[in-house]
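A short write-up of the structure that comes next.
Derivation of every value follows stated rules applied to the coordinates shown; laboratory data play no part. Keep in mind the model is a prediction, meaning the values are calculated, not measured. For neighbour counting, all protein chains shown are included, and Cβ atoms are generated from backbone atoms with ideal geometry for every residue, glycine included.
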Amino acid sequence: MRPRRMLLSIAALAALTASCRLLRPVNPNAQHAEPEVKQELPIDSAAASASSPSQPVELSPEQQSALVRDARLNDAKISAVVLAANNTDISYARLVPTRASRADVKEFAQRMLTDHIGVNALLTELLKKLDVTPEDTPMSLDLRDESAERRDLMRELTGYPFDSTYIENEVSYHRKFLYAIDNTLQPKARNDELQMLLTNIRPAVAAHLAHAEQVRANVLTKR
Amino acid sequence: MIEVTVGDTVRWLNQDPLRHTTTSDTSVWSSSELSRGEQFAFVAGKPGRYGYHCSAHPVMRGTLLVR
C-alpha cells in the first residue's frame, strides 16, 4: 500500500480537547488522488475530566457583574484588560520558585509564565501593527488591585500553605478569564485580528484551567 | 481518534499562537516545543493504539490508531 501522509493541526488538537470540535487531518496530496479525511474524535477521558473547559464557565452573579460591567469596551480597552490579565498571572507565577514546595506546582507556574508572556508579546505586536494604544478600564484596574492584594497574601506563605493558596487562586483566575473571554472580550472585539487572537488563545486558557484543577486535586489529596 | 495505516507519515502542524508538543504517552515519539508554523512528523511503523498529549498542556490529548 502506498504510504499516505496526514497533517494534523496542533491548534485543532487544542480545540478538540477544549471543545470537542472536529479535527480535520488534511492530506496534502488530496488534490491528486486521496480524499481528505474527516473524523469526529471522541473525547479522551483526561480531556473530558476536570472542568470540561469547552463548556461555558459559570460564575456567581457578583463575579459576573464585575466582569461585564464595562459595557462600552472598545479594542483599546479590551487590549488593556487582556494585558492586565496576563500580567496578573505572570506576577503570581513569579512568586512560585522561592515559595512552592511541590514540583507540579512549580512546573505549572513555569508554563503560565511562558504562555502568558507569549500571549502578551503577540498582543503587543498586534497593537503596534494596528496603532492601538491600550486604555485602562475599571476591569483592567480591578485586575491590578486584586492581584496586588493576592500577591501580598501569598508573599507571606511557603510550602503547603503557599502551594494550596496559589493553585486555588489559579483555578479561580482562569475561570474568570475564560468567562471574560467568552462573554465580554471576544464578543466585543471589533478588529478581526484582535478577535482572532482572542479566539486562538481560548483553548490554551481552557487547558490552563483544566490543568490547574488537576494540580489542585493532587495538592489536596497528596499533601 | 486519528486512524492511519502502517507506513503512513503523520505530520502535526502547530497553528496555535502558543508553543505545543506532540508527545506519545509511551515515549514512542516526542517533538520539541513547536512554535506557530512548525511541524513534526512521525512514520507509523507498528500497528497499535497510541495515546499522545502536549507536554506543555497535559490536558490536551489525542489518540492515533495505526492499522
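Figures for the structure shown
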read-out	value
Using θ = phi - 60° and Karplus 6.51 cos²θ - 1.76 cosθ + 1.60, couplings along region A:83-92 (whole Hz; Gly, Pro as x)	4, 5, 5, 5, 4, 4, 6, 4, 5, 5
Charge dipole of region A:107-163 about the Cα centre (unit charges at C-beta), most positive-ward option of A:121, A:159, A:108	A:121
Sequence of B:38, A:170 once ranked by neighbouring C-beta atoms within 10 Å, starting from the fewest	B:38, A:170
Estimated FRET transfer efficiency when R0 is 25 angstrom, pair residue A:156-residue A:222 (beta carbons, to 0.05)	0.60
5 angstrom amide H check on residue B:3, placed H, neighbours 5+ away	B:65
Sequence-distant residues sharing a close amide H with residue B:29 (under 5 Å, placed H)	B:24
For A:194, A:130, order by how many other beta-carbon atoms lie within 10 Å, fewest first	A:130, A:194
Cα-projected label distance for residue A:193 with residue B:65, points at 7 Å along beta-carbon direction, nm	4.2 nm
Descending principal axes extents, region A:66-223, alpha-carbon based, whole Å	47, 26, 24
Amide H contacts under 5 Å for residue B:61, placed H, 5+ residues apart	A:17
Karplus-derived HN-Hα couplings along region A:142-149 (A = 6.51, B = -1.76, C = 1.60, θ = phi - 60°), whole Hz, x at Gly and Pro	4, 4, 5, 4, 5, 5, 5, 5
In sequence order, calculated HN-Hα J values of region A:168-173 (Karplus, 6.51, -1.76, 1.60; Hz; x Gly/Pro)	4, 5, 5, 4, 4, 4
Which of B:12, B:29 has the fewest Cβ neighbours within 10 Å, and the rest in rising order	B:29, B:12
Residue-count net charge about residue A:191 - beta-carbon cut-off 15 Å; Lys, Arg +1, Asp, Glu -1	-1
